[in-house]
Amino acid sequence: MDDVIAVEGLRKVFRTPFRRRRVEAVKGVTFQVRRGEIFGFLGPNGAGKTTTLKMLVGLIRPTSGRARVLGGDPGTLEVMARVGFLPEQPYFYDYLTPGELLDVFGQVFGLPRALRRQRIDSLLDLVGLGDAKGRVLRKFSKGMLQRVGIAQALLNDPELVLLDEPMSGLDPVGRKEIIDLMARLKDQGKTVFFSSHILADIERLCDRVVILHKGEVKHAGTLKELLTQGERKEILVAGELPDGLSGRPGLLATDRVGPGVTRLAVESAAADAMLRALLDARLEVLQVADRGITLEELFVKTAGSGPVGAREVAG
Amino acid sequence: MKGLFGSPRRVAAIARNTFIEAGRNRAFIGLGIAAIGLVASSMAVSGLAIADQMARVLVDFGLFAISLLEVVIAVTMGVILVFKEIDRKTFYVVLTKPIRRSEVLAGKFFGLAAILAIALVLMAAAWVGSLLLRDVPLRHDMVQALVLTWMQALLITSVALFFSSFASPVLSGVFTLGVYLAGTSIYVLEDLLAGRKGMLATNEAARAVAKAAVVGLPDLSVFNLGKELILGIPIGWDYVAAAGAYCAGWIVLFWALAALIFERRDFA
Ligand SMILES: Nc1ncnc2c1ncn2[C@@H]1O[C@H](COP(=O)(O)OP(=O)(O)O)[C@@H](O)[C@H]1O
Ligand SMILES: [Mg+2]
């Protein structure tokens, strides 16, 4: 039993006290995170990622279901001593400098003074805030606060790191740095569990993922499993697709990719028949390639093919 | 029994941070300066008084101003400091550390206690200074009266923290002031209950409510000894110690209730 996180039938219903509205933010979610893996908790805005994470750190109580973290109950002293947590859009005591803030937390963790000082310095260097050590947090940008948040999540040298949208608020360079950092944490033997609604760059990062939508797990497994399901071929042809061909079975999508070039996405099983039909129609086939589904496509498919889902993915 | 009140180290970390927060907050510093100014200017009132009553006014009014301002500071800070943490979500990174919520509350309390002590010393300095200026003789009972004033502010702080553990800041402020006003006038109820006339002697329901108030609320007249000071009745350290025990009992009660509610609360 080396599950670092075990979640079973976890549910959370929010009740707004005066308006009689119930929001079932998480609807019976089950998944396990194994020691030493990078686990992506993915889904569009409002999927219930933050709510689930808050239940994993004891900030909110589940309505029903069970969550175990490092073999214990979420939020207890013994568990939280071994966990690092980055909240979504973190905010800190803004009258402190990052060094002072980390020192307060270091005291809470019970780290001796010398170790605190040494760890704070190296962590601030690690997240690229070595030069901003003496500045008050009030003057920090969103991206800088995100970096402070990462530093405080690593202060106790945790076994398990829970990061809620660690890439948000960062530019592409910053995102790359976080991704590299997560990979390094994994190399150190730590377990990384992070949520994200942004998929750019993370495909190679995750060992396993859960895709959450409207409070339910839609997909779970290794990325390889998820991305090879529904394998397809991509065909580039010169010119436009005649009307007669656009309704053929197995044709998943067509789009114009350049002047006079059309791209077809075709189910692998239907690819031979499609190629024959294209040649019969005297179209020039420029390229045929194998292509799995991308995480982005899977995501959009999960979120519903409407423009709202697509926008959430992009946002 | 070990750990009943939590880890001193963690409580101290939060207390220190609470103290720094107030020290770096311009609004709080402004409040402090205004308080000292108020005490100093309250002394100007005495200029209007008749000469032989001057000493009385200076002593009584000065002490009352200090006690009231301590309460004002206790209520505003007690309410605002907790609300700010929830509103700005700084609690997310604090409560997810290996620390009990009761320890966070205790830390806030001790940080505020230190701030109230500093405010008290500064206001007392203004008070004593103006007494010396007018040749009013100083008595060591004044120190005891001031310590009692501080205790009252500590009790009110714990009430404010209790209400902020579940109510909005405005409601918490109103409730806390309500407890202060009721607690200040509880001795009136006790007198009425002891008497043989009036509604409280005859109406059973009214009597029950009054009794509940007497039992369920701290009697703050314990901490307000301006009259004794004027009349020259000695206060004595044994009285201060007894009042301290009474005060501590109420604080622990309010802290325990606040912790109970706070532990169960969702930080969504
Ligand atoms: N405190 C709350 N009260 C009521 N509804 C909430 C609360 N927090 C979140 N929700 C709702 O729960 C759903 C999931 O939110 P959240 O967990 O923040 O999603 P995500 O992090 O995936 O964007 C949303 O519909 C959101 O509006
Ligand atoms: Mg979220």
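The values are calculated or read from the model by the stated rules, or taken from the named source; none is laboratory data. These numbers were taken from a predicted model, which means no experiment stands behind them. Cβ placement follows ideal geometry from the backbone for every residue including glycine, while neighbour counts extend to all protein chains displayed. Protein only, heavy atoms only, side chains kept; ligands, DNA and RNA dropped before computing areas. Shrake-Rupley method; radii C 1.70, N 1.55, O 1.52, S 1.80 Å.
Each Lys or Arg adds one and each Asp or Glu subtracts one; over the other residues with Cβ under 14 Å from the Cβ of residue A:138, this totals +4. Placing pseudo-labels 7 Å out from each Cα toward the beta carbon at residue A:35 and residue B:187 gives an inter-label distance of 6.6 nm.
For a modelled paramagnetic label at residue B:171, 7 Å from Cα along Cα-to-Cβ, the residues of segment B:63-102 in reach, with backbone nitrogen under 17 Å, are B:79-80, B:82-84, B:86-87.
Placing R0 at 22 angstrom, the Cβ-Cβ distance between residue B:227 and residue B:257 gives a FRET efficiency of 0.10 after rounding to 0.05.
Label-to-label distance for residue A:89 and residue B:27 is 2.0 nm, based on points extended 7 Å past Cα in the beta-carbon direction. Taking the charge dipole of chain B about its Cα centre, with +1 at Lys and Arg Cβ atoms and -1 at Asp and Glu Cβ atoms, the residue from B:143, B:233, B:246 reaching farthest to the positive side is B:246. Shielding by partners for peptide A:50-59, expressed as the average number of C-beta atoms from other protein chains within 10 Å of each residue's C-beta, is 3.
The modelled label-to-label distance between residue B:41 and residue A:126, using points 7 Å beyond Cα along the C-beta direction, is 5.4 nm. Using only Cα coordinates, the Kirkwood hydrodynamic radius of the protein assembly as shown works out to 28.4 Å.
Extension gain for residue B:202-residue B:248 works out to 13.1 nm (0.36 nm per residue, less the C-alpha to C-alpha distance). Here is the list for segment A:84-188: trypsin sites (Lys or Arg not before Pro) lying in DSSP coil, each with at most 16 other C-beta atoms within 10 angstrom of its C-beta, are A:133, A:135. So what is the calculated 222 nm ellipticity per residue for chain B, using -39500 (n - 2.57) for each DSSP H run with n of 4 or more, over all residues, to the nearest 500 deg cm²/dmol? Helices in chain B give a 222 nm mean residue ellipticity of -26000 deg cm²/dmol. Residue B:246 sits with roughly 80 Å² accessible to a 1.4 Å probe, with DNA, RNA and ligands left out of the calculation. How big is the gap, in Å, between the Cα center of segment A:138-177 and the Cα center of segment B:160-189? Each part's Cα centre sits 40 Å from the other's. The phi-based Karplus calculation (6.51 cos²θ - 1.76 cosθ + 1.60; θ = phi - 60°) puts the 3J(HN,Hα) values of segment B:24-30 at 9, 9, 4, 5, 5, 5, x Hz, whole numbers, x for Gly and Pro. Estimated at 0.36 nm per residue, the fully extended path between residue A:24 and residue A:238 surpasses their Cα-Cα distance by 72.1 nm.
Think of each Lys and Arg Cβ as +1 and each Asp and Glu Cβ as -1; about the Cα centre, that makes the dipole of segment B:210-268 roughly 160 debye. Charge dipole of segment B:67-192 (Cα centre as origin; +1 on each Lys and Arg Cβ, -1 on each Asp and Glu Cβ, all else neutral): 600 debye, rounded to the nearest 20.
Only beta bridges with both residues in chain A are counted; by DSSP, about 70 percent of them are antiparallel. Take each residue of peptide A:145-153, count the partner chain Cβ atoms within 10 Å of its Cβ, and average: the result is 1.
If you take every DSSP beta bridge fully contained in the protein assembly as shown, what fraction is antiparallel? Give it as a percent rounded to 5.
Numbers: 42 of 60 bridges.
Here the share of antiparallel DSSP bridges comes out near 70 percent.
Summarising the strand pairing of segment A:126-262, around 65 percent of its internal DSSP beta bridges are antiparallel. Taking only the Cα atoms of chain A, the radius of gyration and Dmax are 23.4, 78 Å. Take the accessible area of chain A alone and of chain B alone, subtract that of the pair, and you get about 2700 Å² summed over both chains, using a 1.4 Å probe. The alpha carbon centroids of segment A:1-54 and segment A:185-234 are separated by 16 Å. Phi-derived couplings, Karplus 6.51 cos²θ - 1.76 cosθ + 1.60 at θ = phi - 60°, listed residue by residue for segment A:157-169: 6, x, 6, 10, 10, 10, 10, 9, 6, x, 8, 6, x Hz, with x used for Gly and Pro. The magnitude of the dipole of the protein assembly as shown, with charges of +1 and -1 set on the Cβ of Lys/Arg and Asp/Glu and taken from the Cα centre, is near 640 debye. Normalised per residue, the accessible area of chain A is 47 Å², obtained with a 1.4 Å probe and no contribution from ligands, DNA or RNA. Placing R0 at 45 angstrom, the Cβ-Cβ distance between residue B:265 and residue B:54 gives a FRET efficiency of 0.30 after rounding to 0.05.
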